[in-house]
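Right, one structure below, let's go through it.
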């Protein structure tokens, strides 16, 4: 059935998806709030930029990450000056790539949820002398709960399903960058179809379960 | 509008002897094939449709009914397997070239010509192709084992899914060195850039690259002509400029 290598790929994938999701929420909540409220040109441009990973092929993202974070790339020189070394072929590099790649999946549901709240609850909170931070934590976030859940679940699931970018900047290192999708690719390449089946069927069941759970959750929230 | 179209179809049978030949080319041989293609097409009147990729992937695709007429593999086991399974035509399999493994860096002077730099181990990453799927990756692994460096260098290894990706890791400066195919870094008999150690053939099994005619090409005169063309001195001279041996 599953070999120790397969299990280590599964553990690594879950780690990557968890770290990515937490960081994406930390970045995504303030960013989406700003995008939902601001009418400035800068916000429009930013909105287009964060949506780009949705339409760009992973090969483009992987290729430019490889060049930008390479020894001669601008970010590569920066990370070397900062003493971080080069990011490709490291777990940290995969986290950064995954954040970029899954960004729209976190931002879009959050932005929609924030927009749906409208100005009214904020005005009411202001007349009750709540500070903006108070309003955000005690009014906005609870009202945006379905959006928060969707953003977290989609970021996690999308990172688990990532392949093209990881293949291009990961370097296939066990316990560091060899995630489930790459492990499956390896099995298929080596004609180990039985092992590829176990992992692939697992991914199929996982993604179905996640999407079904999300659907049920959203229905309950809508009914409440 | 309609008449010219009909006329065109009327003339098509006349051109039927000129085949369009889909060819599956091992990634390491693609630069050579692109150089050879125009000459062959001009001389024979046939048209080549070249697809580059990993031999293992081609094998899976051919088994699934891919329309390739010719396979130029990166090894000799895949064409043999295809022949035994009845997907390759018996009697058409032959060794078109033997590949050479090279340790390469895009920086001049980084690799000495005896590969002693590997033993110093004062570098960050060494790129190899996947030993499971790519013959050049397997040869790289055998070389490290022969040098008794496989254990010490294991933490520094990064794997490309094909020899093309391995080259890319090194060329972009993300890996310091890489075991690539000599054909990828040579042009017109000269090293294109950087520094190289050509790995002695005694350190690994020879990378014998075989070609075979596949079932969809059994009736194609063009596909057979291509296989014959690869055996000509002219074609071999070009291969030699890319570091292949015979």
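The values are calculated or read from the model by the stated rules, or taken from the named source; none is laboratory data. These numbers come from a predicted model, not from an experiment. All Cβ positions, glycine included, derive from the backbone under ideal geometry; neighbour counts span all protein chains shown.
Residue by residue, here is whether (1) in contact with a strand residue (DSSP E or B) (Cβ under 9 Å, 6 or more places away or on another chain); (2) within 13 Å of chain A (Cβ to nearest Cβ); (3) modelled with pLDDT under 90 holds:
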residue: B:62; (1), (2), (3): yes, yes, no
residue: B:67; (1), (2), (3): yes, no, no
residue: B:97; (1), (2), (3): yes, no, no
residue: B:111; (1), (2), (3): yes, no, no
residue: B:134; (1), (2), (3): yes, yes, yes
residue: B:147; (1), (2), (3): no, no, no
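Considering (1) surrounded by fewer than 17 Cβ atoms within 10 Å (Cβ to Cβ); (2) modelled with pLDDT of 95 or more; (3) over 30 Å from residue B:123 (Cβ atoms), the lone condition that residue A:2 does not fulfil carries the number (2).
The rows are residues; the columns are (1) closer than 25 Å to residue B:22 by Cα; (2) touching a residue at least 40 places away in the same chain (Cβ under 8 Å).
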site: B:183; (1), (2): yes, yes
site: B:193; (1), (2): no, yes
site: B:197; (1), (2): no, yes
site: B:200; (1), (2): no, no
site: B:210; (1), (2): yes, yes
site: B:228; (1), (2): yes, no
site: B:234; (1), (2): yes, yes
site: B:238; (1), (2): yes, yes
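Applying the criterion of being modelled with pLDDT of 85 or more and touching a helix residue (DSSP H, G or I) at 6+ places or on another chain (Cβ under 7 Å) to the residues of region A:207-224, the residue that is farthest from residue B:77 (Cα to Cα) is A:217. Applying the criterion of being part of a loop (DSSP other than H, G, I, E, B) and under 28 Å from residue A:215 (Cβ atoms) to the residues of region A:110-148, the residue that is modelled with the lowest pLDDT is A:118.
Here residue B:196 meets the list (1) crowded, with 21+ Cβ neighbours inside 10 Å; (2) within 14 Å of chain A (Cβ to nearest Cβ); (3) in contact with a strand residue (DSSP E or B) (Cβ under 9 Å, 6 or more places away or on another chain); (4) more than 22 Å from residue B:73 (Cβ to Cβ) almost entirely, failing just condition (2). Residue A:184 passes every criterion in (1) away from chain B (no Cβ under 13 Å); (2) under 24 Å from residue A:14 (Cβ atoms); (3) touching a helix residue (DSSP H, G or I) at 6+ places or on another chain (Cβ under 6 Å) apart from (1). With crowded, with 22+ Cβ neighbours inside 10 Å and part of a strand (DSSP E or B) as the only criterion, which of B:50, B:103, B:144 stands out? So the residue among B:50, B:103, B:144 that is crowded, with 22+ Cβ neighbours inside 10 Å and part of a strand (DSSP E or B) is B:103. If the condition is being part of a helix (DSSP H, G or I), at pLDDT 90 or above and surrounded by 21 or more Cβ atoms within 10 Å (Cβ to Cβ), then region A:149-168 contributes A:150, A:151, A:154, A:155, A:156, A:158, A:159, A:160, A:165, A:166. Every test in (1) assigned to a helix (DSSP H, G or I); (2) within 9 Å of chain B (Cβ to nearest Cβ); (3) in contact with a helix residue (DSSP H, G or I) (Cβ under 7 Å, 6 or more places away or on another chain) is passed by residue A:67 save one, and that test is (3). Within region A:70-79, being within 11 Å of chain B (Cβ to nearest Cβ) and surrounded by 13 or more Cβ atoms within 10 Å (Cβ to Cβ) holds for A:70, A:71, A:73, A:76, A:77.
The residues listed here are B:97, B:60, B:146, B:154; of these, the one that is closer than 25 Å to residue A:172 by Cβ and in contact (Cβ under 8 Å) with a residue 12 or more places away in the chain is B:146.
For residue A:36, the conditions (1) part of a helix (DSSP H, G or I); (2) touching a helix residue (DSSP H, G or I) at 6+ places or on another chain (Cβ under 7 Å); (3) within 19 Å of residue A:90 (Cβ to Cβ) are fulfilled apart from (3). Yes or no: residue B:149 over 17 Å from the mean Cα position of the chain (by Cα) and buried (at least 21 other Cβ atoms within 10 Å of the Cβ)? In short, no.
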